[in-house]
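Everything on this sheet refers to the single structure shown next.
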Amino acid sequence: MSAEPLLRVENLVKHFHVRLGAFGEKAATVYALDDVSLDIQEGETLSLVGESGCGKSTTGFTILNLHRASGGKVIYKGQDLTRLDEKTMRLFRRDLQIVFQDPYSTLNPRMTVGEAIGEPMLFHKLTTRAQLKDKTAALLQDVGLPTRFASRYPHELSGGQRQRVVIARALACQPKFIVCDEAISALDVSIQAQIINLLLDLQEKYRLTYLFIAHDLAVVRHISTRVGVMYLGRLAELAPRDALFQTPLHPYTKALLSAVPETDPERERNRKRQILQGDVPSPLDPPSGCRFHTRCPIAMEVCSRTVPEWSAARPGHLVACHAVNSGVS
Amino acid sequence: MTARNAQERLLDVKGLTVEIDGRRGPAVIVDGIDLHVGKGETLGVVGESGCGKSLTMLSLMRLLPNKIKVTKGTAEFDGRDLHKMSTRELRKVRGGDIGFVFQDPMTSLNPVMRIGDQLCEPLIYHRKMAKADARKRAVELLRLVGIPGPEERLEAYPHELSGGMRQRVMIAIGLACDPKLLIADEPTTALDVTIQAQIVDLVKDLRNKLGMSVVWITHDLALIAGLADRVVVLYAGTVVEDAPVDDLYANPSHPYTRGLLASIPTLSDAPTARLSSIGGTPPEPGRRPAGCPFAPRCPLAMDICRREVPKLEPISSGGSHRAACFAVNKALKAA
Ligand SMILES: Nc1ncnc2c1ncn2[C@@H]1O[C@H](COP(=O)(O)OP(=O)(O)OP(=O)(O)O)[C@@H](O)[C@H]1O
Ligand SMILES: Nc1ncnc2c1ncn2[C@@H]1O[C@H](COP(=O)(O)OP(=O)(O)O)[C@@H](O)[C@H]1O
Ligand code: SF4
Ligand code: SF4
Ligand SMILES: [Mg+2]
Ligand SMILES: [Mg+2]
């Protein structure tokens, strides 16, 4: 990890100001993202996992400056993206793309597949009108769709095919970095594997860097270089893939891993699960100290008072937990 | 946990066919399905989106949407055909001896009705309980499904609960009348793995305590592995494989089942560079090919597969493991 990272995220914070109550009479703050720091290396797949609402998408959006950061920095090519106005940001948009969970809502229903893929190329002046058709065809081929699909509309495609179109559109910008926000979560199992393979092939071909947001830990284990585990807006643990899955340190990571079902009846029946009780607490009023202390099986007195330090338990293996830091666990 | 009393069938569905009156004329959605559930048995029904899982179950309760109807087949519950019962008889079974948990709790819970009233309704209707007794039982049920502070929760509206809690309320309603059979349609699909694990453990626990039968519908072959006694795999409205759970995972036979299992990454395999995958997509109803519905995606497809429909036939000596595939049957005969 000595090389200069592609992106450096420093102490990123995002708060949403919302209004509650039947008439919106009460102002409140959602602490969606709190002091998240990570480096993203060129060519790697860094995955973010955690329960719904823990801030994975907010991290992706805030890095891309699609949400204005409330604090912290995102350094890309020597610039702090969080400080750029929309006009300057446009110069970087091309490099930094996003693919969402629901491809239907991100495609304009009145645009053909060809138009959807061609639009960003024209916008960023990456092609001439004369070359547009060939380039679109090449992109369709890249994502494994027949070129005749260029004239189809989104509603004439299956979910997996639509996701391929969205990926082709992201690729059209010749990006360096793609946030895949639950990009395969809505797809059927047999289609998921196709899209994962496609993402891996494209990464190799174009040396892409991915921030891969997902809740399926088995998929994450399969495709990641490193994995970050989030809980209620904070990073709990960040480690190289094998370290995280073979020697997880944070109690929350351990609990998450033990909840994943496996395709082995014998093992499943006899398995001792460490089941987390209760739901994730509200981000409107996150617990003091370690945010996990209300559900942590080994919480100590200090945990509700002091925020655990984000520190390296081993080289490259970062964790925020008092028990780990003091060698209890 | 082997299939208990598997011979004694509580639910026995034969040749169930469901059709839709579509714009391009009628189309078969569920194509002659056979299903059975023994007393105390848990049946997993697995298949991809659109293969007909929900409509199969809705048809049993005669809750099919407009323009969709059962055109063939029988569905016996405790010896009586659900499709031939009078509406009055059916109402007694629905929510009484058969409990339901629907796919989407937000649309199947009444948003303007308090949780407590929704729980009491079936108790008052089916079990003829007095209001006060029903409320006591409702508190018990909420406690049973692990909802903290059940007395206060009775007064809550659905939107005041988290997704996981709503799902548990749905299960509580499904269990309200001590059903003989619980039908759960993807009850955990929208939930986090942590909450999913809580609910799976809860249902296992209740099943063992109450001795009920369960039909658990899912697209997740991993989830069902530790839960089911037997698994039925659906593809394009047909049963392609039906086996005791251990057999299915140890000897998956139908090319679709094998492909599915191979394409699921696990936490224990060596992480390889590429996943094995099934090419193509499942056919939509009305556009299903002649012959075997899996033929366009099948690596083993032969000429006969494109002409004739393979029947679900026994492939194990006891006959409990069945598959609908010409290649599997040919290999068996050759052996
Ligand atoms: N109300 C409806 N009108 C028209 N077609 C419908 C309707 N409901 C379902 N279908 C179609 O019937 C087929 C089977 O639907 P069903 O809901 O049973 O699928 P499923 O297996 O439960 O899928 P999922 O995993 O997405 O829940 C699908 O092709 C679906 O598009
Ligand atoms: N635009 C928004 N306005 C208010 N709150 C938001 C907004 N977007 C996300 N949140 C809240 O921020 C938290 C983190 O959300 P998100 O990043 O979407 O989580 P995840 O992607 O991990 O499921 C959640 O509590 C969510 O409700
Ligand atoms: S800091 Fe304390 S509460 Fe938080 S994970 Fe570690 S032991 Fe548990
Ligand atoms: S019947 Fe033929 S096409 Fe169908 S699954 Fe078997 S081998 Fe494949
Ligand atoms: Mg999200
Ligand atoms: Mg369904």
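The values are calculated or read from the model by the stated rules, or taken from the named source; none is laboratory data. All values derive from a computational prediction rather than experimental measurement. Virtual Cβ from ideal backbone geometry, glycine too; neighbours counted across all protein chains shown. Just so you know, the surface numbers come from the protein's heavy atoms only, side chains and all, with ligands and any DNA or RNA stripped out. Shrake-Rupley method; radii C 1.70, N 1.55, O 1.52, S 1.80 Å.
Structure notes:
- Solvent-accessible surface ranking, highest first, for B:125, A:153 at 1.4 angstrom: B:125, A:153
- Computed E for residue A:282/residue A:35 - FRET, C-beta separation, R0 25 angstrom, nearest 0.05: 0.85
- Summed over both chains, the area buried between B and A is near 3700 Å², taken from the accessible surface of protein heavy atoms with a 1.4 Å probe.
- Antiparallel %, DSSP beta bridges [both residues in chain A], to 5: 65 percent
- Residue B:22 long-range amide H proximity, modeled H, under 5 Å: B:27
- Karplus 3J(HN,Hα) series, Hz, for the range A:55-65 with 6.51 cos²θ - 1.76 cosθ + 1.60 (x for Gly, Pro): x, 5, 5, 4, 4, x, 5, 6, 4, 7, 6
- C-alpha center-to-center spacing [the range A:152-215, the range A:225-290] in angstrom: 26 Å
- For the range B:220-236, the Karplus equation 6.51 cos²θ - 1.76 cosθ + 1.60, evaluated at θ = phi - 60°, returns couplings of 9, 5, 6, 4, 6, 4, x, 10, 8, 8, 9, 10, 10, 9, 9, 9, 6 Hz by residue, with Gly and Pro reported as x.
- Potential lengthening of the chain between residue A:20 and residue A:269 amounts to 85.2 nm, from the contour at 0.36 nm per residue minus the alpha-carbon distance.
- Taking amide H atoms as placed 1.01 Å from N in the peptide plane, the amide H of residue A:98 lies under 5 Å from those of A:179, each 5 or more residues away in sequence or on another chain.
- Rolling a 1.4 Å probe across all protein chains gives residue A:123 an accessible area of roughly 120 Å².
- With loop membership from DSSP and a limit of 14 other Cβ atoms within 10 Å, the longest segment of chain B without GluC sites (Glu not before Pro) is B:156-307.
- Residue B:173 contributes an accessible area of around 40 Å² to the protein surface, as traced by a 1.4 Å probe with all chains present.
- Trypsin sites (Lys or Arg not before Pro) restricted to the range B:94-168 and DSSP loop, no more than 16 other C-beta within 10 Å: B:114, B:127, B:128
- Filtered trypsin sites (Lys or Arg not before Pro), the range B:228-311: DSSP coil and at most 14 other beta carbons within 10 Å: B:274, B:287, B:311
- Taking 7 Å steps out from each Cα toward its Cβ at residue A:105 and residue A:309 produces label points 4.2 nm apart.
- Accessible surface for the range A:83-217, divided over its residues, is 46 Å² per residue with a 1.4 Å probe.
- Accessible surface of residue B:49 - all protein chains present, 1.4 Å probe, nearest 10 Å²: 80 Å²
- Projecting the Cα positions of A:248, A:117, A:105 onto the charge dipole of the range A:104-256 (unit charges on Cβ atoms of Lys, Arg, Asp and Glu, taken about the Cα centre) puts A:117 furthest along the positive direction.
- Secondary structure note: in chain B, about 60% of the DSSP beta bridges are antiparallel.
- Counted charge near residue B:259, where neighbours are those whose Cβ lies closer than 13 Å (Asp, Glu -1; Lys, Arg +1): -1
- Cα→Cβ-extended label distance, 7 Å offset, between residue A:174 and residue A:151, nm: 3.0 nm
- Alpha-carbon centroid distance for the pair the range A:32-68 / the range B:209-277, whole angstrom: 33 Å
- Formal net charge of residues neighbouring residue A:192 (Cβ-Cβ distance under 11 Å; K, R +1; D, E -1): -3
- Exposure rank, largest accessible area first [A:23, A:292; 1.4 Å]: A:23, A:292
- Distance between the range B:147-195 and the range B:106-137 - C-alpha centres, whole angstrom: 13 Å
- Taking the range A:2-148 as the region of interest, the number of lysine pairs whose Cα atoms are within less than 23 Å, with members eight or more places apart or on different chains, is 12.
- Between residue A:115 and residue B:63, the distance separating the two model label sites (each 7 Å from Cα on the Cα→Cβ line) works out to 4.1 nm.
- Chymotrypsin sites (Phe, Trp or Tyr not before Pro) within the range B:242-327: DSSP coil, no more than 12 neighbouring Cβ in 10 Å: none
- Degrees, to the nearest 10: A:129-142 long Cα axis against longest axis of chain A: 50 degrees
- Expected 222 nm ellipticity per residue - DSSP helices of 4 or more, -39500 (n - 2.57), all of chain A, to 500: -9500 deg cm²/dmol
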